[in-house]
Amino acid sequence: MDMHTVVVGTSGTTAEDVVAVARHGARVELSAAAVDALAAARLIVDALAAKPEPVYGVSTGFGALASRHISHELRAQLQRNIVRSHAAGMGPRVEREVVRALMFLRLKTVASGHTGVRPEVAQTMADLLNAGITPVVHEYGSLGCSGDLAPLSHCALTLMGEGDAEGPDGTVRPAGELLAAHGIAPVELAEKEGLALLNGTDGMLGMLVMALADLKNLYTSADITAALSLEALLGTDKVLAPELHAIRPHPGQGASADNMLRVLAGSGLTGHHQDDAPRVQDAYSVRCAPQVNGAGRDTLDYAAVVAGRELASSVDNPVVLPDGRVESNGNFHGAPVAYVLDFLAIVAADLGSICERRTDRLLDKNRSHGLPPFLADDAGVDSGLMIAQYTQAALVSEMKRLAVPASADSIPSSAMQEDHVSMGWSAARKLRTAVDNLARIVAVELYAATRAVELRAAEGLVPAPASQAAVAALRAAGAEGPGPDRFLAPDLAAADTFVREGRLAAAVEPVTGPLA
C-alpha cells in the first residue's frame, strides 16, 4: 500500500485525495480539528437525546416511520436495526475502489462535525480503510435519493462487525473475524449514528471523481489519436490554427486543437491532398475533432465543479448546525451529482462515436486516400483490421445505450415519503461501464492510426516526431505493426492497457510538451 497519508479535516476533501485512498491505498488520519468538531457535535446530540421531545433521527423512527417516538432503552437497537434492515443490496459485488471511495467520503462528512457521530466511530472508519478491509457492497439497492442507502448500510454493517468483507489479501470473510484479526473493536452505535452512516451521496460521488480522472486521460489520448488519424488520412492541419478557434472561444475546443497541432508539428504527411487528390475539406470526423472533443472537455470541467462542491459538502439528514440546532433537510438528494454523471455518459458516447468514424475511414479504400483495404498486408488473403472495427462498432453501440439518462427516471419508495429520487447510483454505475468502453474504443483507433502512419512512412512520407514516438511506444508495449494477419485480440488488449494507463500521452509529451 502507498504510505501517503490523507488527513481528513472539517472542510471536505479533494478529488486527488479520493483517488489516493480509493485506488492507491493511501492511509487516512483524522485532524485534531475534526476530532474536536466531532466531540462538540456529539454533545449537542446527547443533550437532545436526553429531552422528552422527539427529534428526527435522534429519538424517532426513520422515513415513513418518523412519527414514532423511540424510548431510551430501544435506541441502540434502533440504530442496529436501521443498518441491518437497510443492508439489503443484491447482485454482483461492487469494485473495491468504489467501496473505498464510498467509505472515505462518508468519513469526510462525518468528520465535518455536522452529523453528531462520536469521534471513536469516525476513528474506526479510518481504521477499516487503513487495514484494507473492504465491505461487500452489491450492485443494486440505491435509488440515489436519501443517499446511497443500501451501499452505505453494508459498510456500516462491517463497522458493527457483521456481514461480510474482503480482507487485504482479497479473501472474503465474516467481518467480525477480519476486525478481530486487525485488532479493531466493532462499534456499538448510539443515537443518530446509524442514520448518519447511511445518508449520503458518497457512492455516486466517488464514482464521479474516479470517472473524471479517467476521462481526463482519455480526452487527451483521443486528441492524440485524432491527430494520428488526420495525419494518416493526409488531412490538413490548417483547421487547427489558433486564430480559427479564437473566434469561437470554447476553452475545451481550443485546448483540443492545440493538442492536435502539437502532435502534428513537423509532419510530412499533412496537406498532401491539396496536390494529388483534391479535397476541398476533410470529413467532419477529422475536421471537427476539436469541436467534439472540446465540448466534452468543457462538460468534464462543469462536472468537476459540481464534484468539487459536493466534496466540500456535509450531506446528512438531520444535520447538526453550529448554533446547536439539529434540522431536517433535503441535502441528501442526489440530483446535482446524477445529472453530471449522465452528462458525462453522453459526451463519452459521442467521443467514442467520432473515434469509430475515423477508424472506419482509415479502413475503407474508397475514403482512405491510398491506404490498403482494412490496412491489410495482402487484402483478400488478409482481412487486416476489419473485425477490430466490428468490435469498436459494438462498443460504440453499447455506449449509445449507456448514454440514456438514469436521472430522467424516478420511482417512489418508502410509502411515498421518498416520492422523487435521483437514480444517481445507477447513473454512476453505467458511467463506469461507459468509461471502460471508451478506453477500448480509443485504443482501436490508436491501433489503426499507428498502422496507417507506418504504412505511409513505408511510402517515403515522414510522420511527425510525436507520431513516431507514439508508434514506437505502442510497439514496445506489445501491439505489433503492419504485417500478415495474426491473432489480433492480444494486440488490442495491449493497446487498451497502453491508453488506459496514460502511456500514450506520456509517450508524446517529451516531444510536444505537456498536453491539456
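Once fully extended, how much extra length lies between ARG248 and ASP419, figured as 0.36 nm per residue of separation less the alpha-carbon to alpha-carbon distance? Intermediate results must be reported in sequence, preceding the final value.
On the way: separation 171, 0.36 × 171 = 61.56 nm, distance 4.30 nm.
Between ARG248 and ASP419, full extension yields 57.3 nm more.
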If each residue of separation counts as 0.36 nm, what is the full-extension length gain between SER85 and ILE387 once their alpha-carbon separation is subtracted? 103.8 nm
Checked segment 1-131 with the C-alpha gyration tensor, a ≥ b ≥ c its square-rooted eigenvalues, rounded below a/c of 1.5, otherwise prolate if a/b is larger than b/c and oblate if not; verdict oblate
Kindly count the pairs of lysines across the chain whose alpha carbons are less than 19 Å apart, treating pairs on different chains or eight or more residues apart as eligible. 4
Could you let me know the centre-to-centre spacing of segment 162-207 and segment 423-448, using Cα atoms, in angstrom? 29
Given H placed 1.01 Å from N in the peptide plane, which residues other than close sequence neighbours of GLU29 have an amide H under 5 Å from its amide H? VAL6, VAL7, VAL8
Euclidean distance of C-alpha centroids, segment 459-512 and segment 47-61, integer Å: 63
In what sequence, largest accessible area first, do ARG456, ARG440, ARG297 appear using a 1.4 Å probe? ARG440, ARG297, ARG456
If you take the C-alpha gyration tensor of the chain, multiply each eigenvalue by 5 and take the square root, what semi-axes do you get, largest first, in whole Å? 52, 22, 20
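Would you mind getting me the FRET efficiency between TYR284 and ALA39? Use the beta-carbon distance for r and R0 = 45 Å, nearest 0.05.
Details: r = 61 Å, r/R0 = 1.35.
Using R0 = 45 Å, I get an efficiency of 0.15.
Based on the mean of other Cβ atoms within 10 Å per residue, sort peptides 407-414, 339-346 so the most packed one is first.
Numbers: 407-414: 15.1, 339-346: 24.6.
Most protected by this proxy first, the peptides run 339-346, 407-414.
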Can you order the peptides 146-156, 483-493, 428-438 by their average number of other Cβ atoms within 10 Å per residue, highest first? 146-156, 428-438, 483-493
Solvent-accessible surface (1.4 angstrom probe) belonging to LEU43, in square angstrom, nearest 10: 120
Label point distance in nm, ALA66-VAL172, each placed 7 Å from Cα along Cα→Cβ: 3.5
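Sort 255-265, 130-140 by the packing proxy (mean of other Cβ within 10 Å over each peptide's residues), most packed first. Intermediate values should be presented prior to the final figure.
Numbers: 255-265: 23.5, 130-140: 20.5.
Per-residue mean Cβ counts within 10 Å order the peptides as 255-265, 130-140.
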First measure r as the distance between the Cβ atoms of HIS182 and GLU398, then evaluate 1/(1 + (r/R0)^6) with R0 = 45 Å and state the FRET efficiency to the nearest 0.05. 0.65
Taking the alpha-carbon centroid of each part, what is the distance from segment 237-254 to segment 370-387 in angstrom? 35
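Report the per residue volume, in Å³, of the convex hull enclosing the C-alpha atoms of segment 439-516. Don't skip to the answer; put the middle values down first.
Details: hull volume 6.5 nm³, N = 78.
About 84 Å³ per residue, rounded to a whole number.
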Environment charge at ALA403 (Cβ cut-off 13 Å; Lys +1, Arg +1, Asp -1, Glu -1): 0
For a quick size check, give me the Cα extents of segment 372-512 along its three principal axes, largest first, whole Å. 71, 39, 22
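The values are calculated or read from the model by the stated rules, or taken from the named source; none is laboratory data. Quantities reported herein were computed from a predicted structural model and do not represent experimental measurements. Cβ: placed from backbone, ideal geometry, glycine included. Neighbour counts: every protein chain shown. Areas reflect the complete protein model, heavy atoms only, side chains present, ligands, DNA and RNA absent. Shrake-Rupley method; radii C 1.70, N 1.55, O 1.52, S 1.80 Å.
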